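Everything on this sheet refers to the single structure shown next.
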Amino acid sequence: MKVASIFLLTALVLMSLSGNSGANILGREAKCTNGVNGCPRIYNPVCGTDGVTYSNECLLCVENKERQTPVLIQKSGPC
């Protein structure tokens, strides 16, 4: 019993330190700053919650405004 409780406590500590405990499972909102000027041509891919890789955060914002659907950023980098 003592071994099991130590194991569970250790697992709980490791999960909380890993940052992947499910707190950010939905994603984060894209920062939309270039409304009038358009988007830069910098390739900095982000993976949307719709499973699509966008070339950068600005292009995700443009798609959100055109479709009027809130696609969030699931992770930085391609899907």
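Overview of values
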item	result
Scan of the range 13-27 for residues that are modelled with pLDDT of 60 or more and open to solvent by less than 60 Å² (accessible area, probe 1.4 Å), ordered by number	GLY27
Pair list, Cβ < 7 Å and 6+ apart or interchain, from the range 40-69 residues that are under 19 Å from LEU26 (Cα atoms) to residues that are assigned to a loop (DSSP other than H, G, I, E, B) and of a type in the set (Lys, Arg)	GLU57/LYS31
Selected residue (criterion: modelled with the lowest pLDDT) from residues of the range 28-79 that are open to solvent by 70 Å² or more (accessible area, probe 1.4 Å) and among the hydroxyl-bearing types (Ser, Thr, Tyr)	THR33
Of all residues in the range 52-79 being assigned to a helix (DSSP H, G or I) and touching a Pro at 6+ places or on another chain (Cβ under 9 Å), the one that is nearest to CYS32 (Cα to Cα)	CYS58
Filtered residues of the range 27-69 (kept if in contact with a Leu (Cβ under 6 Å, 6 or more places away or on another chain) and more than 17 Å from CYS79 (Cα to Cα))	CYS39
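The values are calculated or read from the model by the stated rules, or taken from the named source; none is laboratory data. In this text, all values refer to a predicted model and were calculated from it rather than measured experimentally. Note that we place each Cβ from the backbone using ideal geometry, even for glycine, and neighbour counts take in every protein chain shown. These accessible areas exclude ligands, DNA and RNA; they are computed on the full protein's heavy atoms, side chains included. Shrake-Rupley method; radii C 1.70, N 1.55, O 1.52, S 1.80 Å.
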